[in-house]
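Here is the structure we will look at, set down as structure tokens.
Taken together, the values in this text are just the output of simple stated rules run on the coordinates, not laboratory data. Computed from a predicted model, the values in this text were never measured in an experiment. All Cβ positions, glycine included, derive from the backbone under ideal geometry; neighbour counts span all protein chains shown.
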Amino acid sequence: MTNQEDLAKNSSSLQTFIDDLYFKYKPLHDGVVAKYIPELAKVDSDLFAISIVSVNGEVYEVGNYQQLFTIQSISKVFAYGLALEDHGRDYILTRVGVEPTGDAFNAIVLDEQSKRPYNPMVNAGAIATTSLIKGLDPTERLNRMLEMFQKYIGRDVFVDISAFTSERTTGHRNRAMAYLMLNFGMIDKPIDEALDLYFQQCAVMVNCHDLAVMAATLANKGINPMTKQQAVSSRYIKDILSVMYTCGMYNFAGEWAYKVGIPAKSGISGGIIAVVPNKMGIAVFSPRLDTRGNSVRGVKVCEELSQHLGLHLFECSGLEVSQFRG
Ligand code: GLU
């Protein structure tokens, strides 16, 4: 049976399974919402949604999946894809590495030898990546970024101005990182334009359903399964998924890879996306975070989904040697 047939056969039970997960974890109130960007502190901390979109466009979802929130760090995945398309893998590697850090997402640390930020999923690497997005001026760069998100989501997107200005006026740590990278020639002037575009990208509004479609697009060779539009060149999917796998879950990335075993990215507004190549995209939204910055309910739900559906990429059980022949 193919993966698609498997998924179709189990579709009603998949909806029941995520409904059960929703009710199981709804009473879980551990964790706290991110407050260092003042606008984020205003969120209703009890919101909770789970969405799954298959590469065939089947949708399974429960909870507040239409609730909009700012995408925050999950945007880094998609900005990285755009930068790869703009410059190619070799050039991007000279500016941003692909090594996990084991440090917090906002650590002010660069690779000692190369002076590159460690990877595009931590703030320093994401700021460097975004500074490479092509365009004649800030408006064109922002428009190209928004068009890219639109292809992944399948509708018009917008930047939440309150969240953008809130981070712009308080994001001194990100500003410090940008200046450090300027000092080492890893990003170019004008710094404020690069930071503005980074803060805008983090303030793009999405809902949990959108995030699952975006994850499903990455699972589907870069083609949005709902609109059939190519959102990113298939040639860069493996680059994107590799850094998600090793660096996407802050300083929990190793344990996540070990336990859940699929490429993922989380953001401090409470979203998590996970990509099951050639099968589906998963998204969970719940704003209360653990000490590493990952959604508490989001991690639990993904752990259970991975176990129940056998999603771990290195899951070998059930495969016969004969299936590898010919
Ligand atoms: N805009 C946030 C920052 O740069 C994103 C962080 C995150 O979601 O991890 O601090």
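To the nearest ten degrees, helix 161-170 and the longest principal axis of the Cα atoms of the chain are 60 degrees apart. Helix 138-153: angle to the longest alpha-carbon principal axis of the chain, degrees 0 to 90, nearest 10? Its long axis makes an angle of about 0 degrees. Taking a point 7 Å from the Cα of Q113 along the Cα-to-Cβ direction, the residues of the stretch 80-94 with backbone N closer than 17 Å to it are 93-94.
Once R0 is set to 22 Å, what does the formula 1/(1 + (r/R0)^6) return for the Cβ-Cβ distance between I191 and R89, expressed as a FRET efficiency to the nearest 0.05? Once rounded, the FRET efficiency stands at 0.30. Centre-to-centre separation between the Cα atoms of the stretch 105-120 and those of the stretch 212-232: 30 Å.
Annotation note: chymotrypsin sites (Phe, Trp or Tyr not before Pro) in the stretch 106-193 located in DSSP loop regions with a Cβ neighbour count of at most 15 within 10 Å are F158, F184.
Once each of the GluC sites (Glu not before Pro) sitting in a DSSP loop with at most 14 other beta-carbon atoms within 10 Å is removed, the chain keeps 113-314 as its longest stretch.
Relative to the longest principal axis of the Cα atoms of the chain, helix 75-87 runs at roughly 70 degrees.
Exposure proxy shown here: for T139, T217, T246, the number of other Cβ atoms within 10 Å sets the order, fewest to most, as T139, T246, T217.
Rounded to the nearest 20, the Cβ-based charge dipole of the stretch 142-283 about its Cα centre (Lys and Arg +1, Asp and Glu -1) stands at 480 debye.
What do you get for trypsin sites (Lys or Arg not before Pro) in the stretch 223-284 restricted to DSSP loop and a cutoff of at most 10 other Cβ within 10 Å of the site's Cβ? For trypsin sites (Lys or Arg not before Pro) across the stretch 223-284 that sit outside H, G, I, E and B with at most 10 neighbouring Cβ atoms in 10 Å, the list reads K228. Dipole of the stretch 202-326 computed with +1 at Lys/Arg Cβ and -1 at Asp/Glu Cβ about the Cα centre; of M226, L211, G267, farthest Cα towards the positive end is M226.
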